[in-house]
1. By count of other Cβ within 10 Å, fewest leading, how are 265, 333, 429, 19 ordered?
2. Treat each spin label as a single point 7 Å out from the Cα along the C-beta direction, and report the residue 192 to residue 208 distance in nm.
3. Can you give the three extents of the C-alpha atoms in the stretch 94-150 along their principal axes, from longest to shortest, in whole Å?
4. Any idea what log10 I(q)/I(0) is at q = 0.10 Å⁻¹ for the stretch 429-538, Debye with uniform C-alpha scatterers and no solvent?
5. With a ≥ b ≥ c taken as the square roots of the eigenvalues of the C-alpha gyration tensor of the stretch 474-526, please select rounded if a/c is under 1.5 and otherwise prolate if a/b is larger than b/c or oblate if it is not?
6. Take the eigenvalues of the Cα gyration tensor for the stretch 276-330, scale each by 5, and report the square roots as semi-axes in whole Å, largest first.
7. Above 15 angstrom, tally the Cα pairs of the stretch 449-502 and express them as a % of all pairs, no decimals.
8. Between residue 84 and residue 549, what is 0.36 nm times their sequence separation minus the Cα-Cα distance? Round to one decimal in nm.
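Just so you know, all these numbers are worked out from the coordinates, no wet-lab data involved. Keep in mind that what you see is a predicted model, and the values were worked out from it rather than measured. When we count neighbours, we look across all protein chains shown, and the Cβ atoms used for this are built from the backbone with ideal geometry, even at glycine.
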Ligand SMILES: *[C@@H]1O[C@H](CO)[C@@H](O)[C@H](O)[C@H]1NC(C)=O
Ligand SMILES: *[C@@H]1O[C@H](CO)[C@@H](O)[C@H](O)[C@H]1NC(C)=O
Ligand SMILES: *[C@@H]1O[C@H](CO)[C@@H](O)[C@H](O)[C@H]1NC(C)=O
Ligand SMILES: *[C@@H]1O[C@H](CO)[C@@H](O)[C@H](O)[C@H]1NC(C)=O
Ligand SMILES: *[C@@H]1O[C@H](CO)[C@@H](O)[C@H](O)[C@H]1NC(C)=O
Ligand SMILES: [Ca+2]
């Protein structure tokens, strides 16, 4: 029966989509145990949890009551906005309500009666929680979309703001920016902030109501048009600098800068038809929990991650008390498909994964037997039963490579070397307050160095960390994690300036970029084709620098070869096939290009 449960739990990730569960009870050769995965909450309708603010004061219509007209019917100004009458009021909350079919409810601004002074309004949405967008932001305007507006975002609860997207019927005139479309962005520009003219044209107020911030189109750059290849997207989110943050927000602000004009110039004699009216703002996303939670709940007025992996905080951004022996890390989408939980570990368990000889682990006093967290880091399919109880033995094995460590270990095992609390010569730069005296070596050495330090005086950084040059040796921040990209780097260590050792084709301090003429696909690979030197021939198109998509009648890596030559029967079927010296020469040329040789 437990086995059945384990089996069911194990199958869940497939049935529910990726990264939906944080742990499952699995049965291995060594008996049942927990297995941990990177996990994230489901996407939700974020408008249900938002606080809204509309600026400036007095921008909402109805106080005093006011008449307005529409572009379709500019001389029949019978509509009225009156804040004191619930049937005629248009308060901000109507941007977030659930509407009955066919009956739009909307926030509405005052009219542009102060023209030519601009009609400006800010709509600020705040969650007091970081959110990762998973779908398009859709803003629905009744009575026409603004001819100029801007979307801004904040990542720090509104302290600082950054442009997210510009919208105008003429980008050059409004923002001195060329008009671009998200669909035309490439893998290297997927997080570019651009100006679009797609959502500002006049098309009749009833016909085109929506203004979008295209999240799906940007995802599609990596995951393909139907977002089928999510693995590629997750890999990119993990490895491309700034990409994850691009889709993360705590606040959004729509700056409405000029209302709909009905497709002509402003008509000064009838300013009652110019105003903003927003019926809905759809924001779909999930709580950012750093891949340490699959639930996010609304408590005491704000969203909170229900943290697993012994993490805590609103975003699971730190380790729980007594689980701080290893520095906190976000979970990772990699390796696919279950990711790495990067769980926090109980005090007294972290040394198994880090230290090299001379191993202070061997000297470490053990007030409590080590708790299971050794198994937390165990990759799926490992045997947690064994790793869990053998932390001590593992140190032993490692230490055996060094004679001295071996001696120390033997000594430690055969008769307890009592840690000497407050030992007078205990010099650990404040990273430990416990030392041990090893009599036959006549040395005093720090034990349980904290803050990612190691060494006799806790004067070195643990492997996988480097020295913070702006911090003193006794600073808590003295060691900085290398954070080498798991795929792009040779190992997780770095040099004194934080540079990781990159695999072929990878570059950047953390090895998370590719050299020119390489493309990223779970690592860097040499381009097969591109727009400059390795051109696809005969009308073929280059697909993500990975391969040429050849028209019928051609084949070869660069479509340089006519099928005709390979098989005479194909010739009739491909009348447009241009064979001959030219193609052959191009093919030969391609063969000599750098990069090609490696294939
Ligand atoms: C809207 O917000 C921006 C900052 O994002 C501010 O500079 C501007 O003054 C605000 N406009 C209004 C009308 O409140
Ligand atoms: C924001 O969230 C934090 C953490 O949950 C909470 O302590 C704080 O009171 C919230 N602030 C507001 C303005 O809701
Ligand atoms: C977290 O701590 C609890 C209590 O010590 C432990 O049972 C659990 O296995 C730990 N592991 C993870 C990954 O959270
Ligand atoms: C380096 O140390 C300084 C001083 O303590 C600290 O402010 C800074 O955050 C540290 N840098 C890193 C990357 O941890
Ligand atoms: C670390 O590596 C980088 C890149 O290889 C190099 O530029 C830098 O000089 C190295 N720093 C040290 C201190 O060796
Ligand atoms: Ca509404």
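1. 265, 429, 19, 333
2. Taking the two extended label points, one gets 2.1 nm.
3. Between the extreme Cα coordinates on each principal axis of the stretch 94-150 lie 39, 30, 19 Å.
4. These q points yield log10 I(q)/I(0) values of -0.46.
5. Prolate, because a/c is 1.5 or more and a/b exceeds b/c.
6. Details: eigenvalues 187, 24, 15 Å².
Each semi-axis is the square root of five times an eigenvalue, giving 31, 11, 9 Å.
7. Numbers: 607 of 1431 pairs.
Result: 42 percent of Cα pairs exceed 15 Å.
8. Gain on stretching residue 84 to residue 549: 161.0 nm.
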